[in-house]
Structures are given as structure tokens and as C-alpha cells.
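Chemist: The structure under discussion is supplied below as C-alpha cells; questions concerning it will follow.
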Amino acid sequence: MLTNVLLLPITVPTAAALLILMLPKKFRAAIDAISLFGSFLILLLSILLFKRNLSYSMPALGFGIEFSLRLYHFSGFIVLAAAFFVFLITLYSNAFLREKSYSKQFYVYLLLSLAFINGAVLSDNLVSMLFFWEGMLITLFGMIYIGGKRSFKTATKAFIIAGVGDLCLMLGVAICFYISGTLAISKLHIPISGIGGAAFILLMMGAIAKAGSMPFHTWIPDAAIDAPLPFMAIVPASFEKLLGIYFLSRISLDIFEMSPDSWASMTLMIIGSITIVFAVSMALIQKNYKRLLSYHAISQVGYMILGIGTLVPAGIVGGLFHMINNVMYKSCLFLTGGAVEKQAGTTDLEKLGGLKKYMPVTFICYVITAASISGVPPFNGFFSKELVCEGALERGFIFYLAAIIGAFLTAASFLKLGHAAFLDKSKNGKLPIKEAPIRMLIPMIAIAALCVLFGVWNSLPLKLFIQPILGQERLGGRDFSGMPHNSLLVVITIMVLLGALLNHRYGVKKHGSGLKAAEHIHHAPVLSYIFNKAENGYFDPYNIGLNISYGFSKVAFLFDRAIDWVYNVFIIKVSKVFTAAARSLNDGSYKSYIIWSLLATGAVVIFLIKSMIGA
Amino acid sequence: MPSLLVLIPLFGIILLNLPFRRLNEKYVFWFAVFLLSVQILFTISHHSLFWQQGMGYIDSFFKVDFAIDSLSFIMLLCIAIVSMVSLSVSRYTIPDPRERFKFINLLMIAAIGMNGIVITKDLFSLYVFLEITALSSVVLIAFQKDMNALEGAFKYLILSSIATIMMLFSIALILLVSPGTSFAVIAAALKESPNSAVIIFAMGIFICGLFIKGGLVPFHGWLPDAYTAAPSAVSILLAGIVTKVCGIYTAIRVIAFVFGFNEVIKSLFMFIGLFSILIGALAALGQKDLKRLLAYSSISQVGYIILGFGTGTALGMAGAVFHIFNHAVFKSLLFVNAAAVEKRIGSSDLDRMGGLSYRMPITGSTSVIGVLSTCGIPPLAGFWSKLVIIIALWQSGHYMYGTIAVLASILTLAYLLLMQRKAFFGKLPKELENLKDLKEVGPEFTLPSIILAMITISVGVFFPFVFDKFVVPIKSIFMQ
């Protein structure tokens, strides 16, 4: 009976979602209350479940496919984090979505997503995990789709890209089953050689596609513009990171037997480094608050993948710590973006400016979280980034360099964003702008405070959440809390941050405004060409895929014409010939029928006698 | 007591024809319905006492095998279902009660003949029952007594007599080596003297006689003319069951249980089967007449049955029998719909039809199911039987035959979709638009259509169950 408690993280959000679905749109207060109460209930539940070890199993389809759940430290942590952010986002959305017609659908999708993510994280069977994982695809599509008239295209794009990732995952699951004959995650131990390597690549692609890493990232900037803002704060910023990185570390640490000197580790680090540098460069040149943030949502995944990919304790702890930190500051940054959007009516940086005066609380939250994401001590992002850097340096200088470049550009782009939105002179005619309502401020303040807390007292999250995931054996008795151990790295980081500040000053002076502080990088000789191409979607795998499929369709069309010819011309001619023959055979005269039959009988008899006597 | 399947209708008909003609004309329909439904009920419940009880003297008189196997059950079920449908249609198409009385009598005689064919275990009795069926069919084809009907009936009569003469001659020759005419005796005798030219000649002409009865290419000449000339109710009966029982079932029974398989006979059957599939389908593709198109389609489908049977494996033969059942269901369905259309627009010319689905929605939509099942579209019944046949072909190593059989189902799709589009989809032509009573004919047509469509769907959807209950037992009887 006790094990059935494990079903509650899945059933409670589903029940709440269905309840909301049944209510008419008019009962706005009831919908808000149910969603808030439901998410609060799940938060309480996940707090109670945290630090427990439970499992639950129910035979489902046979062939090793079971509905089995397993709660242990890591999954309990992810469930807790997801519930916490859903609660805060629901509180925020209650205010933010007040005038929106789609708020009911949003809550339904949000709660269903929570049920799916809980199911996927708790599943101890690859197929039941796949079931919940694929369920997220539906809510992903739905949440983007409700954003507005133009969002259908983006929703389709997200759906297809995520679907490709899920397909990889599905194939990987099939290969895993083929290799080891079991689907139970806790029983899988696969060496990454031969076909096991293919399984690893496929599962990894599924995981990083969910996390939104390159090259599966291109829907996120589009969704930032088209989808409802709370969606950005909860799905790409929180859910997908939590689930994707959770699964990535499961496959890297538990399912596959990997060592730091394997090619798989190298692959992960390369993907991570590329994602960090390229996504953040794109962020630097954005001129829209939300779109800029969305590129950071991609670039930060790079740190996590890099950290986990190093497969050394410092890197893994750093990667996982960065995951939870990123979820915090990134969703808070999106929430400040939402506050700006709601109060100022736009997120276009060309039209924003001087908000510091009107929205001081939002500004403070922005400053704290931007400092966190840029890795300014003593905020949480600093500590996790230092750990990732330490791990990366252990594996190779080039990876460390990528992390440092990322840090530089991150700091530069947030200086630019903050300067343009909050400090520059106001360009907006609609004055005065008021501070955001209290229900939107509470989540922002809470998360910003946590960012400070997790930084200053970093032994709390590290000892409570992160380090037990690896266990004492893997940690080798080391403790990563407190100040970074390698003070040289800290000095370099601080120098890089100062460099970013100087660069910003230089840019502002040269171009005269915060918005244009990065123009000198944007318009640097070779870079401008690349940036322009990238902005126009030349490097977007989705567009490339679309072009390929257009080409394929053209070939298929010609092929289709050919087949049409066969059907419309050739077959008709042939059938006319045959019909004519059949007609002449069936000339209506019984004499010819008799002759045919008798001739055929003769032939049959001769055939039988000849071949049977011969034998 | 399977003999009762022959005896009760026989005495019933004799009694009905003696006194009280007027009264009997009223009730003969319900009498026939009652008999056929009893037959359906008994065949569905295999294990009832009815089948296990012998009748001693009577059984031996009819040379009836009272221990009936699954193959015969399926055939008895098909006979009852199709006859029932034909009966239902006749209630509308033959309004005059006196005429209908005659029709039902003949129908029951045909049913007696077919039941007899299925339950007998004696080659000569088989011949007698074949003749009973053939003669009643001839009269049924000529029922309308117009020029076309008489011509069709005459052709069937001539060809059918040639077939029976060949069979009778064959039986006479077989008696040269066999002490009796029962299946078991002949089978034992043939085993001892297999390779004499005379016996092979006898087997050859017997098989060809069956081919004529079954309407396989190139023995099929009579079939399109007869199907087209016959009244609708009779077309259903002929296409659905008569040719299958007289030709195909008999071939299966006689080859598998009496003559015995060998490679030569297998290759002969497979060749004839494939030839019929292709010629039937190609000829159907160019037909302008709905009933004629269905007649050629029938030839093509019978080809599949013979092809599956020709593999000689238990699975192939089970698939063939399953396809007989499915064919009986979906072809009767299509013929019922054809009859409904013909009744309403007074012709079966496809060029004069179009858009009939708007006015006859039930006919149109059940026709879609029949068409899809014929083409072998999953999950309808026809898909599974074709699949079983093709798997059997593949397993027995006849890859070429298997491939062509699959490709030929594209041809099936082509001509049937053409038919469906011309008749039921698209726009109503001008001259039909003014036709006032262009609507569903009535429950006599729609009810059988719906029931047959439901059977097609449910057999397809519950295929695992059907496979267990019907196909596996059939497979097991061929295993021996």
C-alpha cells in the first residue's frame, strides 16, 4: 500500500488537469485556485517523498515491458525541483495570464507536463519512461500552439525537432533491449563498444534534444517570441533541463559503463563546448529580451553537458549543480522578461529603457540572476561554473577555453541586456510604467533569494542534493562545497568578468547606447557574415531538413508522375488489350467455351500424364 | 445427424408442394428462413449432440460421414449464410408469391445439393449431389425466362453437363482399380496403383470437370454470362457459394483426401490459380457492367483460393478455406449492393451510375467495406485470409507466386475502386437526379448488407479468435 504513494506524483497533477479541463472557461478564479492548490499539493508531496527509497511495479504488456517506478535520491530531487518551479510558475501565471483567453489550456498542459515529467523521472523501465517522455511532446506542442496566431508554425517546428530526438531515444531503447534483454533501467549495464556505442549515441541524442542542446535547439528562440512567456520559464528553462540532464547523467553514469578516456566522453564534451560558444554568440547580438534569454537557455545546457561529459567528479558535480542553478536563474530571468512584457507592453530592446526607475524590484531580481548566470561571485552560478571549469581543465585546455569564452560572452550579453532594458533612457511613450503585481514578484524574489542562498551557502544544495547523487564511492571522498579549491581559476574568472565589463564600456562609448554595446563584435569582419547567415536560419538543421525534404518531394513528385503514367496510361492500355482478349474469348458462343474447356482439359491431362509417368 | 441437413429440407419441400398450395406460398419463406437459421446455429456450435449422433441406416443410404470435420462446418455455414441472403433479396425482387414459391423451392433444392456435397464421403454420391445442385442452378438462372436468361442458363447447362460427364467417366475409370466409391476405399486403392496412365487420365478429367464447375480460367467461359443473366438473388447464390462448393470445395476434398497431393498436381493448381487471378483481374478492369465486373472479380478471387490450396501445406489449405468463407461474405455483400443498384436504376451499366452514395448511403458504405475486404486491406477479413495464403506461399518457397499474388491485389484494388468510384462516388448524373424513388431499397437489401459488412469487420478485428477457433482446426485436419 505504501508503494502506491509513488503513483501520486503522476496521478495528482493528472487529476488536477482533468478537473480544470472540465470547468468552463468562465470560472477563472476556480481554475486559478485549483492549479495553484494542485501544484502546492504536489510540492508538499514531493517534499515528503524526498530522501526516501521506494519502488512500485505492475506488469503491463509483457516482453519485459513493465510499469515500474523507482524513487531514489536522484529522481526524488528532480521531482522536488519540478514541483517547486511549477508551483512558482503557477503563482506567476495566475497574474500574468489574467487577460489571456488560453489560460485554462495553459494550466491543463502545465499540470499534465508535470505528471509526464514525474512519470518519466520515476520510471524504472525504459518503455514506461518512453511513454511519459513522449507525452511531453503533446503538451509541448499544445503550450506553444496556444500562444497566438503565428505560433502554429513554431509549434510544428518544436514538435518535429523534439520528435526526432524522441525517435532517436526510441531506437536507442530498442537497441538496449536487444543487447541486454531487459528494459529495467536499474539492471542495465552496457559497455559502449560496437552496437552498445550506437545505443549510447541514440539515447544521448534523445537526452540532449530534450535538454535543448545544439543541434536540437532551433525551436527555442522562435518559441520565445511566439509561445506564452510562462511556457518559456517552465518548459525550456526548467522541465527540459531537468529531464534531459537527468537522463543524460543516468545514461552516462549508470546505464553505460563509461570511463573518462572513452570516445563517448569526448563526444559529450565537444557537443557541450560547441553549444556553449555558438549559442552564446547568437545571444549577444539579439535585440529582443526573450529571444536573447532563449539563446542563453541553449548555451547553459552546454555547461551541463560539458560538465557531465568530463566524467570526473568535479565536472559531474558541477554539471548537475549547474543544472539546478540554471533552472533557477533562467526561469527567474524569463519571469523578469514577463514582468517587463506585461508592464511595458513589449520585449523589444529598441523600445525599452529606463525601467529601473519604474520597476525596481524586477530590476534587483534581474541583477541578481544575471550576475548568477554570468558567474559573478558569490552567486550560485559562479560556484557551479567554477566546478565545470575545473573538470574541463582536467580533461583538456581547449574545453576550459570554451567555458571561459562562454563566460565572457554571457557576461557581455547580460550587461548589454540590463543596460538596454533597465538603464538606458526610456524610449517608450507609454509612461509611467508600474511595478509588476505582487503575485508575479513573489516567485521572482523567491528564486533570486535562492540564487543568493545557493551561492553563499553552497554546501546546502551540494550536500543535500547533488553530491549524494554520485555517492561516496564515485566522489572519492572529496567535498566540493565551500570556496573553489583552485584559486588560479577564480582569478582567471574574475579577470574575464572584468574584461567583459571593459568590453561593455568600450562598446557603449563607441556606439553611444547599451543596446549597441555588442555591435563591434556583431560587425567584426568575418563574424558579421556568419551572424547574418545564422540569424536568417541558414544553419538551422530544421530549415536544412526542410530544404532536403522539399528536394526529396520534388524527386518523389517526378517518381509519382511516372507511377501515374503507369497507372493512367500503361495499365489502361494493357488492361484494354486483356479485356479485348477476354471479350474475344467470351464471344458469347457456347461452342467456343466448349472448345476452350476441352482444349484446356486435353492440355491438363497431357501435362499430368507426361510429368507423372515420367516421374 | 448431419443427414437431416439433406432430409428435412427434402421432405419439407415435398410436403409443402402437396396440399394447401395457397397457404404454403405464404409460409414457405419463413420455413426456409427457419431451416437455414437452424443450420447456421448448429454449424456455429460445433460440439452439439447434433453432429455426434449417427443415424445408422439413413447415413449409410446417403453415404454420409457423420463425423464432420471443420472444413465441412465452414462450408455448411457459408451455404446457410449465402442462401439466407439470397432468400432475403428474393423477397423483394420476386414480388409474385407464386413465382417466389417456385424460387424458394429451387433454392432449397440447391441447398440440399450443396449440403449433400459437403457431408458425403462417397465419390458417386458427390456426383449425384453435384448434379442436383447444377440442375437447380440452371433452372434458377433461367428463372426470368427472357432471352438473356435462357441463353445464360443454356451455356451453364452445356458446360456443366460436360463437367459432370467428365467426372462420371472418371469415376467409371477409377472403379477399374478401386473396389468401391467411398473416399477411403478409393484413396487406399490409388495408393497401390498410382502411376498408370488411365488412372492419371481419370484424375485429370475429374480435376478439369471441377475447374469448369469452379469457373477457373480458361474453363470460365460460362461464368460471366450466367452471373449476368441470372436474377439478382441467383447471382448472389451462384457467386457466393454454388461455384465454390461445386468446384473449389470438391477439389479440396477430393485432392487432399482422395487423390493425394504430389508436386505435379500442386504446380498445376498453383499455375491455374495464378492464371485465374491475373486474367480475372485484368478482364474485370475493363468491364462496363457492374455484375460482369463482379463475376470476373469472383474468378480472380477463386484463383487466390486455388493458389493457396495449391501450396499443399496445411497453412495454405487453411488459408484457402478461410478465403472461401471471406469470399462468400464479401462477394455476396457486393452482389446484394449490385442488386439494389440494379433494382433502383434499372440497369447495371457502370457508365450510367455515379454518386449513388448520396441517395443510397447504406449500400454505398457497406460496398466500401466489401471492396476493401476484397482488396485485402487490414484489418478487414479479406486481408487476413490473403495474408495467410501469401505466408503459406512464402514458407513453401514459391516466392515468385507470392510476389505476383501480392501485386495482383493492386489490380484488385484498381478495378474495385474504379467500380466504387463510378457507381457510388462522384456526382449524380442528370438523368438519375430526376429519378424519384432513387433511395435505399428496403430492409430486404440493407439488412443483409449490414450484417455481411459486420461479419467482415468483426472477423477481421477479432482475427486472433477466429484464427484459433476456425483456422487452426482446419489446419489440423490437413496435417494428417
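The values are calculated or read from the model by the stated rules, or taken from the named source; none is laboratory data. Everything numeric here is computed off the predicted structure, so don't read it as measured data. Reconstructed Cβ throughout: ideal geometry from the backbone, glycine too, with neighbour counts over all protein chains shown. With ligands, DNA and RNA removed, areas are computed over all heavy atoms of the protein, side chains included. Shrake-Rupley method; radii C 1.70, N 1.55, O 1.52, S 1.80 Å.
Chemist: Kindly establish whether residue A:245 is surrounded by fewer than 24 Cβ atoms within 10 Å (Cβ to Cβ), part of a helix (DSSP H, G or I), β-branched (Val, Ile, Thr) and at negative phi.
Modeler: Spelling it out, it is not the case that residue A:245 is surrounded by fewer than 24 Cβ atoms within 10 Å (Cβ to Cβ), part of a helix (DSSP H, G or I), β-branched (Val, Ile, Thr) and at negative phi.
Chemist: Tell me which residues, restricted to the range B:142-190, are of a type outside the set (Phe, Trp, Tyr), open to solvent by 60 Å² or more (accessible area, probe 1.4 Å) and closer than 26 Å to residue B:99 by Cα. Give the derivation first.
Modeler: Initial filter on the range B:142-190 (of a type outside the set (Phe, Trp, Tyr)): B:142, B:144-153, B:155, B:157-168, B:170-182, B:184-190.
Filter again for open to solvent by 60 Å² or more (accessible area, probe 1.4 Å), leaving B:144-148, B:150-151, B:157, B:165, B:168, B:175-176, B:179, B:184.
Once the filter is applied, which keeps residues that are of a type outside the set (Phe, Trp, Tyr), open to solvent by 60 Å² or more (accessible area, probe 1.4 Å) and closer than 26 Å to residue B:99 by Cα, the range B:142-190 yields B:144, B:145, B:146, B:147, B:148, B:150, B:151, B:157.
Chemist: Being within 20 Å of residue A:425 (Cβ to Cβ) and either in a helix (DSSP H, G or I) or without any contact (Cβ under 8 Å) to a residue 24 or more places away in the chain (or both) is the filter here; which residues of the range A:351-369 pass it?
Modeler: The answer is A:355, A:356, A:357, A:358, A:360, A:362, A:363, A:366, A:367.
Chemist: In this structure, does residue A:98 turn out to be within 27 Å of residue A:441 (Cα to Cα) and at pLDDT below 80?
Modeler: Yes; evaluated as a whole, the condition is true for this residue.
Chemist: Let me ask another. Taking the range A:504-526 only, how many residues are aliphatic (A, V, I, L, M), without any contact (Cβ under 8 Å) to a residue 60 or more places away in the chain and open to solvent by 30 Å² or more (accessible area, probe 1.4 Å)?
Modeler: 1
Chemist: Let me ask something else about it. Exactly one of these conditions fails for residue A:449: (1) farther than 19 Å from residue A:388 by Cα; (2) modelled with pLDDT of 75 or more; (3) open to solvent by 80 Å² or more (accessible area, probe 1.4 Å). Give me its number.
Modeler: (3)
Chemist: Another question about this same structure. Tell me which residues, restricted to the range A:434-452, are closer than 11 Å to residue A:94 by Cα and either basic (Lys, Arg) or under 26 Å from the mean Cα position of the chain (by Cα) (or both).
Modeler: Within the range A:434-452, A:439, A:440 meet the criteria.
Chemist: Can you tell me how many residues within the range B:227-244 are of a type in the set (A, V, I, L, M, F, W, C), within 11 Å of residue B:292 (Cβ to Cβ) and open to solvent by less than 10 Å² (accessible area, probe 1.4 Å)?
Modeler: So the count comes out to 0.
Chemist: Which residue pairs have Cβ atoms under 9 Å apart, sit 6 or more places apart or on different chains, and have a first residue in the range A:570-586 that is facing another protein chain (nearest Cβ under 8 Å) and a second that is modelled with pLDDT under 70 and open to solvent by 80 Å² or more (accessible area, probe 1.4 Å)?
Modeler: none
Chemist: When you look at residue A:545, is it away from every other protein chain (no Cβ under 11 Å), open to solvent by less than 40 Å² (accessible area, probe 1.4 Å) and not acidic (Asp, Glu), yes or no?
Modeler: Yes.
Chemist: Next up: For the range A:349-397, what are the residues that are surrounded by fewer than 19 Cβ atoms within 10 Å (Cβ to Cβ), within 27 Å of residue A:489 (Cα to Cα) and modelled with pLDDT of 85 or more?
Modeler: If the condition is that a residue be surrounded by fewer than 19 Cβ atoms within 10 Å (Cβ to Cβ), within 27 Å of residue A:489 (Cα to Cα) and modelled with pLDDT of 85 or more, then A:367 is the only one that fits.
Chemist: In the set A:214, A:129, A:136, A:204, which member is in contact (Cβ under 8 Å) with a residue 40 or more places away in the chain, crowded, with 21+ Cβ neighbours inside 10 Å, touching a strand residue (DSSP E or B) at 6+ places or on another chain (Cβ under 8 Å) and not polar (S, T, N, Q)?
Modeler: Numbers: A:214 fails: touching a strand residue (DSSP E or B) at 6+ places or on another chain (Cβ under 8 Å); A:136 fails: touching a strand residue (DSSP E or B) at 6+ places or on another chain (Cβ under 8 Å); A:204 fails: touching a strand residue (DSSP E or B) at 6+ places or on another chain (Cβ under 8 Å).
Selected residue: A:129, the only one of A:214, A:129, A:136, A:204 that is in contact (Cβ under 8 Å) with a residue 40 or more places away in the chain, crowded, with 21+ Cβ neighbours inside 10 Å, touching a strand residue (DSSP E or B) at 6+ places or on another chain (Cβ under 8 Å) and not polar (S, T, N, Q).
Chemist: Would a scan of the range B:98-118 turn up a residue that is without any contact (Cβ under 8 Å) to a residue 40 or more places away in the chain and not in a helix (DSSP H, G or I)?
Modeler: For the range B:98-118, residues without any contact (Cβ under 8 Å) to a residue 40 or more places away in the chain and not in a helix (DSSP H, G or I): absent.
Chemist: Among (1) more than 30 Å from residue A:39 (Cβ to Cβ); (2) surrounded by 20 or more Cβ atoms within 10 Å (Cβ to Cβ); (3) of a type in the set (Gly, Ala, Ser), there is one condition residue A:194 misses while meeting the rest; what is its number?
Modeler: Just one mismatch for residue A:194, condition (2).
Chemist: Can I ask one more? With modelled with pLDDT under 90, within 14 Å of chain A (Cβ to nearest Cβ) and surrounded by fewer than 22 Cβ atoms within 10 Å (Cβ to Cβ) as the only criterion, which of B:125, B:196 stands out?
Modeler: Exactly one residue qualifies, and that residue is B:196.
Chemist: Would you be able to tell me the number of residues in the range A:271-303 that are touching a Ser or Thr at 6+ places or on another chain (Cβ under 6 Å) and within 14 Å of residue A:349 (Cβ to Cβ)?
Modeler: 5
Chemist: How about the range B:254-272: which of its residues are among the hydrophobic types (A, V, I, L, M, F, W, C) and more than 10 Å from every other protein chain (Cβ to nearest Cβ)?
Modeler: The answer is B:254, B:255, B:256, B:257, B:258, B:259, B:261, B:269, B:270.
Chemist: Among the residues of the range B:288-313, which ones are outside any helix (DSSP H, G or I) and open to solvent by less than 10 Å² (accessible area, probe 1.4 Å)?
Modeler: Applying the first criterion (outside any helix (DSSP H, G or I)) to the range B:288-313 yields B:288-289, B:311-313.
Residue satisfying the conditions is B:311 alone.
Chemist: Which of (1) touching a residue at least 60 places away in the same chain (Cβ under 8 Å); (2) more than 21 Å from residue B:396 (Cβ to Cβ); (3) more than 14 Å from the chain's Cα centre (by Cα); (4) more than 14 Å from chain A (Cβ to nearest Cβ) does residue B:241 not meet, given it meets every other one?
Modeler: The single condition residue B:241 does not satisfy is (3).
Chemist: Looking only at residues in the range A:248-302 that are aromatic (Phe, Trp, Tyr) and assigned to a helix (DSSP H, G or I), which one is surrounded by the fewest Cβ atoms within 10 Å (Cβ to Cβ)? Working first, answer last.
Modeler: So the first thing to find is which residues in the range A:248-302 are aromatic (Phe, Trp, Tyr), and the list is A:256, A:263, A:278, A:289, A:295.
Next, only the ones that are assigned to a helix (DSSP H, G or I) stay: A:263, A:278, A:289, A:295.
Details: A:263: 12, A:278: 22, A:289: 25, A:295: 23.
It comes out as A:263.
Chemist: May I ask you to verify whether residue B:357 is in contact with a strand residue (DSSP E or B) (Cβ under 7 Å, 6 or more places away or on another chain), open to solvent by 10 Å² or more (accessible area, probe 1.4 Å) and not basic (Lys, Arg)?
Modeler: For residue B:357, the condition - in contact with a strand residue (DSSP E or B) (Cβ under 7 Å, 6 or more places away or on another chain), open to solvent by 10 Å² or more (accessible area, probe 1.4 Å) and not basic (Lys, Arg) - is not met.
Chemist: For the range B:273-287, enumerate the residues that are within 23 Å of residue B:228 (Cβ to Cβ), open to solvent by less than 10 Å² (accessible area, probe 1.4 Å) and more than 8 Å from chain A (Cβ to nearest Cβ).
Modeler: Answer for the range B:273-287, where residues must be within 23 Å of residue B:228 (Cβ to Cβ), open to solvent by less than 10 Å² (accessible area, probe 1.4 Å) and more than 8 Å from chain A (Cβ to nearest Cβ): B:276, B:277, B:280, B:281, B:284.
Chemist: Inspect the range A:553-567 for any residue being within 60 Å of the chain's Cα centre (by Cα), within 9 Å of another protein chain (Cβ to nearest Cβ) and over 30 Å from residue B:161 (Cβ atoms) and give the result as yes or no.
Modeler: Taking every residue of the range A:553-567 in turn, at least one turns out to be within 60 Å of the chain's Cα centre (by Cα), within 9 Å of another protein chain (Cβ to nearest Cβ) and over 30 Å from residue B:161 (Cβ atoms).
Chemist: Could you tell me whether residue A:591 is basic (Lys, Arg) and more than 11 Å from every other protein chain (Cβ to nearest Cβ)?
Modeler: So residue A:591 fails the test.
Chemist: Further question on the same structure: Could you list all residues from the range A:556-576 that are open to solvent by 80 Å² or more (accessible area, probe 1.4 Å) and at pLDDT 80 or above?
Modeler: Within the range A:556-576, A:557, A:558, A:559, A:561, A:565, A:570, A:573 meet the criteria.
Chemist: Which numbered condition trips up residue B:450, out of (1) at pLDDT 85 or above; (2) farther than 30 Å from residue B:275 by Cβ; (3) in contact with a Gly (Cβ under 9 Å, 6 or more places away or on another chain)?
Modeler: Condition (3) is where residue B:450 drops out.
Chemist: Give all pairs with beta carbons closer than 9 Å in which a residue from the range B:158-177 that is at the interface with chain A (Cβ under 10 Å from one of its Cβ atoms) meets a residue that is surrounded by fewer than 16 Cβ atoms within 10 Å (Cβ to Cβ) and assigned to a helix (DSSP H, G or I); count only pairs at least 6 apart in sequence or on separate chains.
Modeler: B:162/A:598
Chemist: I'd like to check something: does the range A:423-430 contain any residue that is of a type in the set (Gly, Ala, Ser), farther than 25 Å from residue A:346 by Cβ and in contact (Cβ under 8 Å) with a residue 24 or more places away in the chain? Steps first, answer last, please.
Modeler: Narrowing the range A:423-430 to residues of a type in the set (Gly, Ala, Ser): A:426, A:429.
When the remaining residues are screened for being farther than 25 Å from residue A:346 by Cβ, the result is none.
Scanning the range A:423-430, I find no residue that is of a type in the set (Gly, Ala, Ser), farther than 25 Å from residue A:346 by Cβ and in contact (Cβ under 8 Å) with a residue 24 or more places away in the chain, so the answer is no.
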